[in-house]
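The structure under discussion appears below in the form of structure tokens.
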Amino acid sequence: MSDVEHDRTILSVRNLVTVYPTRLGVVPAVDHIGFELRAGEILGIVGDSGSGKTTLARSLLGLVAAPGRIVSGEILLHGRDLLEFSGEEMRQVRGTEIAMIFQNPIRSFHPGFTIGRQLTEAVTRHERVSRRDARERAIEALTWVGMPEPAIRMKDHPHQFSGGMLQRVMIAMSLLNEPAVLVADEPTTALDVTIQAQILELIQRLAVDRGLGVILVTHNLGMVASICDRVIVMYAGQIVEEASVDQVFANPSHPYTVGLLDSQPDRATGTRLEAMAGGSPRMTDLPPGCRFEPRCAYAETECSQPPTLWPLSDGQTVRCWVSRRHGGLPDLPDREASRAGRGLG
Amino acid sequence: MKRAAPDADSGKQAMALLRLDGVSVHFRLRGRGRGGGVVRAVDNVDLTIDEGEVLGIVGESGCGKTTLGRVIVGLQSPTAGNVVVRGEKRPLRQRPGANARRDGFQMVYQDAAGSLNPWKRIGWSIAEPLRNEGMRKPAMRERVLELLDQVGLPDSLIDQYPGELSGGQQQRAAIARALAGRPRLIVLDEAVSSLDMSTQAQVLNLLKDLAERHPVNYVFISHDIAAVDFMSDRVAVMYLGKIVELEDAHDRKSPLVHPYSITLRSAVPVPDPVVERRRNRIVLTGPVASATDLPSGCRFHTRCPIAQPLCADAEPELASTSETSRVACHFAGEFDDRYAAARAGTTGGSG
Amino acid sequence: MILFAARRLAEAVAVLFVLTFLIYVIGTIVPGDIAQQMAGIEGATPERMAEMRARLGLDRPLMVRYGEWLGNAVRGDFGHSLFTERDIAADVRQQFPVSLEVAFASVLLAVVIGIPLGVYAAVHTGTIVDRILRGISLVFFSVPTFVSGVLFVWLGSIILKSYYTSFYVPFTEDPIANLRSIMLPCLAIALPTSASIIQMTRTTMIASLQEPFIDTARVKGARESRVRYIHALRASLGPVVTLIGLLFGALVGGLIIVEQIFNLPGLGRGVLLAIAERDFPYVITATLVIASVYIVVNFIVDLLYPILDPRQREQT
């Protein structure tokens, strides 16, 4: 596994649209999303709940819950468009080429089956192998993630493990068929911080050692700063900013990104946080122009028109008229203006 | 917000809003082959909360922080020890909530939606403490509108149902209800943890604003160390039912001393890639101990990176390190050296 | 596990003990005098009644009589029927297998019908089929057994004439004929029973399908059929198995009626007759047998529980 080819694009998503029909109309939960993922790269997807980040993650595996559906776009894995695949072909992709881990490791395992059975199932769904071989591969995968006494623990049931250990087992399971892409949806949210640190370290090591492309869906900017290489910021179904992790934290160029950073208690300079006013718009009742405009302290007249993603510099793109005109966000002449709106639920 | 008096521990205990003297909460587990175990959710805790002070409590799941919060607010009676409220010993009451009402203490939970009656309008839920006081209807509506205004919610919400509100609005409504009876103290148990970052920031600001305008104390309980630091004057770090360190949140120059607090802080990723890249994370290796089967001596010694043989034998006292800070560790202040030494492998020290 | 089984056995014995005692007491306080009945209304002179009481042992105190009965029962002697004057143990030994067979076959049938339909309804919630199934199970559930029973008799004698055997043939004599003879009675019991199994399976399946581990199975690349029938169904079986255990209790009522309607020589028909004739020793024996079966079935359910859900193992 040492001579992995890094920096090769393994997954590219283009103009992906996933919609959910609701009583009040069809909602574009994922609205023309595009990005590329390279081998060994950890791409963070951040945003509020309802921003579409989880729907995007599920779309990649063809697991959009009905009645939601993908209506257009391309998901190119090694150049092949997954959206052209049949159900059976897509099933083969899941687990072998794209793997996924979830938020709650305890509830993500079947309570009635042993860990060993659940691990080997991941192998036997895709290959005709003997139970013995499947078992050996499962044990090997458990050693990759640092499980002590893997052969013995194979016989245990999920409730006999701690949450942190189960998340390790989950990662081991996702690695069994050596996928190219790992989608991790809030993988440490349900875990204690000391355990969280261990899991993050494990994911980072796997990306580096195995050239695994990781999509990390999270609301935690600390995690992003800690292990991500690039970041996509989502707001109301759209990408509002994409940049390297250093650019995003040093030079955020979308007002929403700025707002997110200002919301972090760790970055507070005074006794108050520079909180964004208001909340996310209802997806059934989106503003006609920029979707962030009603909450935006930088808003100008042109913001009533929908902005497009605009390349700023060196891989940083932003969906903001103001940033586009000024080549980045200008200093706000009157930050009090943004404060005035603070406190409106 | 007013700072705690520096000599809070010494002669002025009568001034304290609340004092816990050797408070323990032990739950007995039924069944379980070995004749039933005892969960020591909170174990012999001494703690003082001064008027005007915000006390933060951090710790991982199962450390007893929620149980301690429930003892403070009066929803849980200690199985041992005393709770002293404004110099007066709190009576042991059987009826849940009786002590909380007597002392004018309130609690706000993580699950705001769950604490508001889904079948009743927001106004009704907020007015609940007022009805218990026997307030008359017109005055009550007036007061509810005032409370909505204080928590930054529009008047129109008074006739809406919880399901029609966003998560942030629900949490604001829960806070409005807690404020209704003009409480002396509100225990906020993970009160902002389930909110989106931007909403969380708004609610944190709101809490700070309210504390400036009203004589209310907070006990801010969370697993989110950044939020606790931001809110608190003093921070109690809990591990397996014990406070292992009490630190002055404003005095960041004096470094943390307990190995667990140091580890906990080093584990939390901060939203700054430059800091993250430089940082050496301390990763705990030992098995996680449980509150039913406590380790001997210092209860952190099984996971502690600098544990010594002494740690397995003797339990360290919570001793003062400065006027406002206290720590329970035999080797307080020696972490950096000992950790470096342990890493270099020059000492074989592990209890 | 052995400790658990031993404890449950002790509990079962205690329950049976209390049960027999209660029936004994109830049997003596119900209105109607067995002695009078047996002596005949006209011949019921006080002397004759006293003689009859003495012969039946009714002149002795209740506790003494119960103690005697219990002592005999433990040895397998349940006395003689007051009505037919035959050996009760021998009668029950003949009737019991018939009822047991019909009961188990009915539940089996109900499970075979109920679980797949329940799973189907859960997977296709809100569709036409789901709604039709819900309607049908409501109808099955609300039609009393004596109506459905009569309906099936009619069905058997008119439409399925060539398949249905209208008198009971023991399985050991002719398995095919046996199945023919119990086919319709079993259906009459199984349909209302399956209705509740459908609903329970549907409800628990819907909950299971929402669980994160279902997504895990899909992400592994498991086929949808496997996700449903292996992962989701397995996680849903706990409440369904509990329900099946409880249904055995409810079955007794249906069995009494069905045996009567279909002319099956089982325990149910015997009980009905015995109650009508105040054949007290028979009633108490039959009750004991029925209660034992119920206890055994629920004991099996309790044993299945930790197998289905390993989390239960530590708690037992």
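The values are calculated or read from the model by the stated rules, or taken from the named source; none is laboratory data. All figures in this text were calculated on a predicted structure; none of them were measured in a lab. A quick note on method: Cβ atoms are made from the backbone with ideal geometry, for glycine too, and the neighbour counts reach across all protein chains shown.
Within the bounds of the stretch A:169-192, is there any residue that is crowded, with 24+ Cβ neighbours inside 10 Å, in contact with a Phe, Trp or Tyr (Cβ under 9 Å, 6 or more places away or on another chain) and not in a helix (DSSP H, G or I)?
Yes, that holds for at least one residue.
Condition test on A:A39, is it in contact with an Asp or Glu (Cβ under 9 Å, 6 or more places away or on another chain) and not acidic (D, E)? Reasoning before the result, please.
Details: in contact with an Asp or Glu (Cβ under 9 Å, 6 or more places away or on another chain): yes; not acidic (D, E): yes.
Taking the combined requirement at face value, the residue satisfies it.
Return the only residue of B:S166, B:S232, B:S198, B:S261 being among the polar types (S, T, N, Q) and surrounded by fewer than 21 Cβ atoms within 10 Å (Cβ to Cβ). Let's see the steps before the verdict.
Working: B:S232 fails: surrounded by fewer than 21 Cβ atoms within 10 Å (Cβ to Cβ); B:S198 fails: surrounded by fewer than 21 Cβ atoms within 10 Å (Cβ to Cβ); B:S261 fails: surrounded by fewer than 21 Cβ atoms within 10 Å (Cβ to Cβ).
That would be B:S166, the only listed residue that is among the polar types (S, T, N, Q) and surrounded by fewer than 21 Cβ atoms within 10 Å (Cβ to Cβ).
Determine if the stretch C:200-214 includes at least one residue that is under 22 Å from the mean Cα position of the chain (by Cα), assigned by TED's automatic domain parsing to the domain that holds C:R269, closer than 30 Å to C:I261 by Cα and crowded, with 18+ Cβ neighbours inside 10 Å.
Checked against the condition, which is being under 22 Å from the mean Cα position of the chain (by Cα), assigned by TED's automatic domain parsing to the domain that holds C:R269, closer than 30 Å to C:I261 by Cα and crowded, with 18+ Cβ neighbours inside 10 Å, the stretch C:200-214 yields at least one hit.
Please enumerate the residues belonging to the stretch B:40-56 that are surrounded by 19 or more Cβ atoms within 10 Å (Cβ to Cβ) and part of a strand (DSSP E or B).
The initial filter retains those residues of the stretch B:40-56 that are surrounded by 19 or more Cβ atoms within 10 Å (Cβ to Cβ), namely B:40-43, B:45, B:47-50, B:53-56.
Within the stretch B:40-56, B:R40, B:A41, B:V42, B:D43, B:V45, B:L47, B:T48, B:I49, B:V54, B:L55, B:G56 qualify.
Would you check if there is a residue in the stretch C:84-93 being outside the structural domain of C:Q260 (by TED's automatic domain parsing), closer than 29 Å to C:I261 by Cα and modelled with pLDDT under 80?
Looking for residues that are outside the structural domain of C:Q260 (by TED's automatic domain parsing), closer than 29 Å to C:I261 by Cα and modelled with pLDDT under 80, one finds at least one in the stretch C:84-93, hence yes.
Inspect the stretch B:112-132 for any residue being in a loop (DSSP other than H, G, I, E, B), farther than 21 Å from B:Y161 by Cα and not hydroxyl-bearing (S, T, Y) and give the result as yes or no. Walk me through how you get there before you give the answer.
From the stretch B:112-132, those in a loop (DSSP other than H, G, I, E, B) are B:116-121, B:127; that's our starting set.
This time we only want the ones that are farther than 21 Å from B:Y161 by Cα, so: none.
Checked against the condition, which is being in a loop (DSSP other than H, G, I, E, B), farther than 21 Å from B:Y161 by Cα and not hydroxyl-bearing (S, T, Y), the stretch B:112-132 yields no hits at all.
Restricting the search to the stretch A:240-249, which residues are of a type in the set (A, V, I, L, M) and within 8 Å of another protein chain (Cβ to nearest Cβ)? Outline the logic, then answer.
Applying the first criterion (of a type in the set (A, V, I, L, M)) to the stretch A:240-249 yields A:240, A:243, A:245, A:248.
Result: A:V245, single match.
Which residue out of A:G68, A:G47, A:G25 is at positive phi, in the same structural domain as A:R168 (by TED's automatic domain parsing) and under 20 Å from the mean Cα position of the chain (by Cα)? Don't jump to the end; show me each part of the working.
Details: A:G68 fails: at positive phi; A:G25 fails: under 20 Å from the mean Cα position of the chain (by Cα).
When all the criteria are applied, what remains is A:G47.
Any idea how many residues of the stretch B:147-186 are over 28 Å from the mean Cα position of the chain (by Cα) and not small (G, A, S)? Step through it out loud before you land on a result.
Narrowing the stretch B:147-186 to residues over 28 Å from the mean Cα position of the chain (by Cα): B:154-161, B:163-164.
Retained after the next criterion (residues that are not small (G, A, S)): B:154-155, B:157-161, B:164.
Qualifying residue count, the stretch B:147-186: 8.
Within the stretch C:203-223, take every residue that is farther than 23 Å from A:H126 by Cα and in contact with a helix residue (DSSP H, G or I) (Cβ under 6 Å, 6 or more places away or on another chain) and give me the one that is nearest to the other protein chains (Cβ to nearest Cβ).
Ranking the qualifying residues of the stretch C:203-223, first place goes to C:S208.
Of all residues in the stretch C:248-270, which are of a type in the set (A, V, I, L, M, F, W, C) and closer than 14 Å to C:V102 by Cβ?
First, pick out the residues of the stretch C:248-270 that are of a type in the set (A, V, I, L, M, F, W, C): C:248, C:250-252, C:255-258, C:261-262, C:264, C:267.
Within the stretch C:248-270, C:F248, C:L251, C:V252, C:L255, C:I256, C:I257, C:V258, C:I261, C:F262, C:L264, C:L267 meet the criteria.
For every residue, the table says whether it meets (1) closer than 26 Å to C:F171 by Cβ; (2) out of contact with any strand residue (DSSP E or B) (no Cβ under 6 Å at 6 or more places or on another chain); (3) crowded, with 18+ Cβ neighbours inside 10 Å.
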site	(1), (2), (3)
C:F78	yes, yes, yes
C:Q94	yes, yes, no
C:I128	no, yes, no
C:R134	no, yes, no
C:L138	no, yes, no
C:G149	yes, yes, yes
C:F152	yes, yes, yes
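For the stretch A:284-309, which residues satisfy the criterion of being of a type in the set (A, V, I, L, M, F, W, C) and touching a Leu at 6+ places or on another chain (Cβ under 9 Å)?
Of all residues in the stretch A:284-309, those of a type in the set (A, V, I, L, M, F, W, C) come to A:286, A:290, A:292, A:296-297, A:299, A:303, A:309.
Correct list: A:A297 only.
Mind listing whichever residues of the stretch A:312-342 are surrounded by 15 or more Cβ atoms within 10 Å (Cβ to Cβ), at pLDDT 75 or above and part of a helix (DSSP H, G or I)?
A:W321, A:V322, A:S323, A:R324
Take C:S106 and tell me if it is in contact with an Asp or Glu (Cβ under 8 Å, 6 or more places away or on another chain), in contact (Cβ under 8 Å) with a residue 60 or more places away in the chain and not acidic (D, E). Talk me through it step by step, then tell me what you get.
Numbers: in contact with an Asp or Glu (Cβ under 8 Å, 6 or more places away or on another chain): no; in contact (Cβ under 8 Å) with a residue 60 or more places away in the chain: yes; not acidic (D, E): yes.
When the stated conditions are applied, C:S106 does not pass them.
Kindly indicate whether any position in the stretch C:198-209 is among the small types (G, A, S) and in a helix (DSSP H, G or I). Spell out how you get there, then give the answer.
Taking the stretch C:198-209 as the starting set, the residues that turn out to be among the small types (G, A, S) are C:207-208.
Of the ones still in play, those that are also in a helix (DSSP H, G or I) are C:207-208.
For the stretch C:198-209, residues among the small types (G, A, S) and in a helix (DSSP H, G or I): present.
Condition first: under 21 Å from B:Q200 (Cβ atoms) and not in a loop (DSSP other than H, G, I, E, B). Now tell me which residues in the stretch A:279-311 satisfy that.
Across the stretch A:279-311, the qualifying residues are A:P294, A:R295.
Restricting to the stretch A:86-118, name every residue that is within 19 Å of A:I199 (Cβ to Cβ) and at the interface with another protein chain (Cβ under 7 Å from one of its Cβ atoms).
Quick first cut of the stretch A:86-118, residues within 19 Å of A:I199 (Cβ to Cβ) only: A:99-109, A:115, A:118.
Answer for the stretch A:86-118, where residues must be within 19 Å of A:I199 (Cβ to Cβ) and at the interface with another protein chain (Cβ under 7 Å from one of its Cβ atoms): A:A99, A:M100, A:F102, A:N104, A:R107, A:S108, A:F109.
Please enumerate the residues belonging to the stretch A:266-276 that are within 8 Å of another protein chain (Cβ to nearest Cβ), part of a loop (DSSP other than H, G, I, E, B) and either under 23 Å from A:Q238 (Cα atoms) or modelled with pLDDT under 85 (or both).
Residues of the stretch A:266-276 within 8 Å of another protein chain (Cβ to nearest Cβ): A:266-268, A:271-276.
From what's left, part of a loop (DSSP other than H, G, I, E, B): A:268, A:271-276.
Within the stretch A:266-276, A:A268, A:T271, A:A275, A:M276 meet the criteria.
Got at least one residue in the stretch B:57-68 being under 21 Å from B:F230 (Cβ atoms), assigned to a helix (DSSP H, G or I) and at pLDDT 95 or above?
yes
Being under 26 Å from B:P129 (Cα atoms), hydroxyl-bearing (S, T, Y), within 14 Å of chain A (Cβ to nearest Cβ) and out of contact with any helix residue (DSSP H, G or I) (no Cβ under 6 Å at 6 or more places or on another chain), is that true of even one residue in the stretch B:224-240?
No, that holds for no residue.
Being more than 10 Å from chain A (Cβ to nearest Cβ) and closer than 19 Å to B:G69 by Cβ is the filter here, so list the residues in the stretch B:194-221 that pass it. So that I can check it myself, show each step before the final result.
Restricting attention to the stretch B:194-221, the residues satisfying the condition of being more than 10 Å from chain A (Cβ to nearest Cβ) are B:207, B:210-211, B:213-221.
Scanning the stretch B:194-221 gives B:L207, B:L210, B:A211, B:V216, B:N217, B:Y218, B:V219, B:F220, B:I221.
If you go through the stretch C:254-308, how many residues are buried (at least 19 other Cβ atoms within 10 Å of the Cβ) and not in a helix (DSSP H, G or I)?
Matching residues across the stretch C:254-308 total 3.
Could you grab me the full set of residues in the stretch A:119-144 that are at the interface with another protein chain (Cβ under 8 Å from one of its Cβ atoms) and within 28 Å of C:Q312 (Cα to Cα)? Before the answer, list the steps.
Of the residues in the stretch A:119-144, the ones at the interface with another protein chain (Cβ under 8 Å from one of its Cβ atoms) are A:121-122, A:125-126.
Those that are at the interface with another protein chain (Cβ under 8 Å from one of its Cβ atoms) and within 28 Å of C:Q312 (Cα to Cα): A:E121, A:A122.
Only one residue in A:S226, A:S263 is more than 18 Å from the chain's Cα centre (by Cα), buried (at least 24 other Cβ atoms within 10 Å of the Cβ) and within 11 Å of chain B (Cβ to nearest Cβ). Which one? Can you show your working first?
Values: A:S226 fails: more than 18 Å from the chain's Cα centre (by Cα).
Criteria check complete, one pass: A:S263.
Find the helices (runs of 4 or more DSSP H) located wholly in the stretch B:189-285 whose residues include 3 or more that are over 13 Å from the mean Cα position of the chain (by Cα), and list them.
Values: elements: B:197-213, B:225-231, B:259-267, B:273-278.
Correct list: B:197-213, B:259-267, B:273-278.
Going by what's in this entry, would A:L82 be described as closer than 30 Å to A:F249 by Cβ, in contact with a strand residue (DSSP E or B) (Cβ under 7 Å, 6 or more places away or on another chain), modelled with pLDDT of 95 or more and in the same structural domain as A:H219 (by TED's automatic domain parsing)?
no
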